[in-house]
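The values are calculated or read from the model by the stated rules, or taken from the named source; none is laboratory data. On a predicted model such as this, the values are computed, not experimentally measured, just so you know. Because the Cβ atoms are built from the backbone with ideal geometry, glycine has one as well, and the counts that use them run over all protein chains shown. SASA here: full protein model, heavy atoms, side chains in, ligands and nucleic acids out. Shrake-Rupley method; radii C 1.70, N 1.55, O 1.52, S 1.80 Å.
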Amino acid sequence: MKIKGAVLRDTSKPYSMEELELDSPHEEEVLVKWLYTGYCHSDLSNLKGRTMMKLPLVAGHECAGVVTGIGKGVKKFKEGDKVVGTWMVPCGHCPECRKGMGNICSGNFDAFVGGTMLDGTSRIKDFRGETVLHGNFVSGFSDYTIVPEGGLVKIANDIPLDWACLMSCCVPTGWGTVTKAANVKPMDSVALWGMGGVGQNTLRAAAMRGAYPLIAVDVEESRREKAMKLGASHFICNAKEDPIPQILELTNGGCDFVFETCGQVGATEQAWWALRPAGKLMMMGIIPQDQPAKLPLIFSVFHQKDVIGTLYGGVSVQDEIPKLMEMAMTGQLMIDTIIEGYFKLEELNDIAEKMENRELGGRWICKLES
Ligand SMILES: [Zn+2]
Ligand SMILES: [Zn+2]
């Protein structure tokens, strides 16, 4: 069938909007019509060549839609089911999956960065008949796509799909890192760097856990109001002042947990100094792979400071998403505050540019059906 999608062909160029040919679903694969896809900072990192994804690919990984067809052997889905896409598909039998860490499944990692279905091939071709790859299994910036059965989570019918798409990435990443990987407890002191989609969800989760002080740091002063609304006790604009002396004072010597959500070396190196002894620096942003951070690891010994990375919040999103969706519906996750606006697929390059220029103050969601 003919589909339309935003193709990332060359990291020095914008997305190209193309008509593509989509094969039918193979065994244990599902045909999905995406309705909403969020624009995540990792999309921008892929666009700018800061990651390791193979090209050309159909971009987008934070998506929700409806099942419109199923391949042989699909057991969990039927046509009409509302679904959220997941950008990691645990194989279920690699050493990581066996330890309950399907979010870093090594069995399917090559397909994840290689842009294929689980059998190592793609279902998408361009008008020349040449292969186009799948963006992290789900290819969210296309109207229709094929997804492995394990790359979808079914959600209740009464759930708005524009809220649901955020369950694909920024919500579980923030929630999981705060509540599972860090296990923030009431009155733990927390600072977080970055007030993008992941940062805002991290902030909300830490506020729900009763963290105090809860300090949001961002280079944009304009994000103060939203930070306070989502539950921060303090906001510091680190473009205007060095946040470290103030954080050390507010926390009586440093934070129990610091979350780096912006994927920047400078932010990471600054955030390190906000830790108290035995504090943990939780790394969530995707730092460009050619930029190593300079951290004085002597204090990892003398002060027992830790650096801990998490992918997808360190949780099983297949288990967490239905629960998070219910929490979103109660209003606790403040999804309506985190969503800032909507755009059309044709406007994707404008949104990417605005994110690069730090002009977006929250999540922007592509409405794929006009
Ligand atoms: Zn993302
Ligand atoms: Zn695995």
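Output yes when any residue across region 52-60 is modelled with pLDDT under 95 and aliphatic (A, V, I, L, M), and no when none is. Within region 52-60 (the criterion being modelled with pLDDT under 95 and aliphatic (A, V, I, L, M)), the answer is yes, since at least one residue qualifies.
Kindly indicate whether any position in region 100-108 is surrounded by 19 or more Cβ atoms within 10 Å (Cβ to Cβ), of a type in the set (Val, Ile, Thr), on the phi < 0 side of the Ramachandran plot and modelled with pLDDT of 95 or more. So far as region 100-108 goes, no, none of its residues is surrounded by 19 or more Cβ atoms within 10 Å (Cβ to Cβ), of a type in the set (Val, Ile, Thr), on the phi < 0 side of the Ramachandran plot and modelled with pLDDT of 95 or more. Looking across region 109-121, the residues that are in a loop (DSSP other than H, G, I, E, B) and either crowded, with 21+ Cβ neighbours inside 10 Å or within 16 Å of ligand 2 (Cβ to nearest atom) (or both) come down to 115, 116, 117, 118, 119, 120. Going by what's in this entry, would residue 173 be described as within 18 Å of the chain's Cα centre (by Cα), surrounded by fewer than 24 Cβ atoms within 10 Å (Cβ to Cβ) and β-branched (Val, Ile, Thr)? Taking the combined requirement at face value, the residue does not satisfy it. When you look at residue 50, is it open to solvent by 40 Å² or more (accessible area, probe 1.4 Å), within 16 Å of ligand 1 (Cβ to nearest atom) and more than 21 Å from residue 172 (Cα to Cα), yes or no? In short, yes. If you check residue 92 against the conditions, is it within 23 Å of the chain's Cα centre (by Cα) and among the small types (Gly, Ala, Ser)? Yes; evaluated as a whole, the condition is true for this residue.
Does residue 328 satisfy being closer than 18 Å to residue 191 by Cβ and open to solvent by less than 20 Å² (accessible area, probe 1.4 Å)? The answer is no for residue 328.
Table: residues versus (1) touching a residue at least 12 places away in the same chain (Cβ under 8 Å); (2) buried (at least 17 other Cβ atoms within 10 Å of the Cβ); (3) in contact with a Ser or Thr (Cβ under 8 Å, 6 or more places away or on another chain); (4) among the aliphatic types (A, V, I, L, M).
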position: 12; (1), (2), (3), (4): yes, no, no, no
position: 17; (1), (2), (3), (4): yes, no, no, yes
position: 35; (1), (2), (3), (4): yes, yes, no, yes
position: 44; (1), (2), (3), (4): yes, yes, no, yes
position: 58; (1), (2), (3), (4): yes, yes, yes, yes
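Each row is one residue, and each column tells you yes or no for (1) buried (at least 16 other Cβ atoms within 10 Å of the Cβ); (2) under 25 Å from the mean Cα position of the chain (by Cα).
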| site | (1), (2) |
| --- | --- |
| 216 | yes, yes |
| 222 | no, yes |
| 225 | no, yes |
| 233 | yes, yes |
| 237 | yes, yes |
| 240 | no, no |
| 251 | yes, no |
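For region 141-165, the set of residues classified as under 14 Å from residue 30 (Cβ atoms) and open to solvent by 30 Å² or more (accessible area, probe 1.4 Å) consists of 144, 154, listed by residue number.
Condition first: more than 22 Å from residue 47 (Cα to Cα), within 16 Å of ligand 2 (Cβ to nearest atom), in contact (Cβ under 8 Å) with a residue 24 or more places away in the chain and of a type outside the set (Asp, Glu). Can you find one or more residues in region 132-142 that meet it? For region 132-142, residues more than 22 Å from residue 47 (Cα to Cα), within 16 Å of ligand 2 (Cβ to nearest atom), in contact (Cβ under 8 Å) with a residue 24 or more places away in the chain and of a type outside the set (Asp, Glu): absent. If you go through region 27-42 and pick out every residue that is out of contact with any strand residue (DSSP E or B) (no Cβ under 6 Å at 6 or more places or on another chain) and of a type in the set (D, E, K, R), you end up with 2. The residue list 125, 48, 99, 75 contains one member that is more than 16 Å from ligand 2 (Cβ to nearest atom), over 24 Å from residue 9 (Cβ atoms) and of a type outside the set (A, V, I, L, M, F, W, C), which is 75. Pairs under 7 Å by beta carbon, first residue among the hydroxyl-bearing types (Ser, Thr, Tyr) in region 190-210, partner open to solvent by less than 10 Å² (accessible area, probe 1.4 Å), six or more apart or different chains? The qualifying pairs are 202/174; 202/177; 202/178; 202/192; 202/259. Does region 262-305 hold any residues that are β-branched (Val, Ile, Thr) and either open to solvent by less than 40 Å² (accessible area, probe 1.4 Å) or assigned to a loop (DSSP other than H, G, I, E, B) (or both), and which are they? Residues satisfying the conditions are 265, 268, 286, 287. The set of residues in region 170-217 being more than 16 Å from ligand 1 (Cβ to nearest atom) and of a type in the set (S, T, N, Q) consists of 179, 183, 189. Of the set (1) in contact with a helix residue (DSSP H, G or I) (Cβ under 9 Å, 6 or more places away or on another chain); (2) within 16 Å of ligand 2 (Cβ to nearest atom); (3) farther than 21 Å from residue 289 by Cα, all apply to residue 105 but (3).
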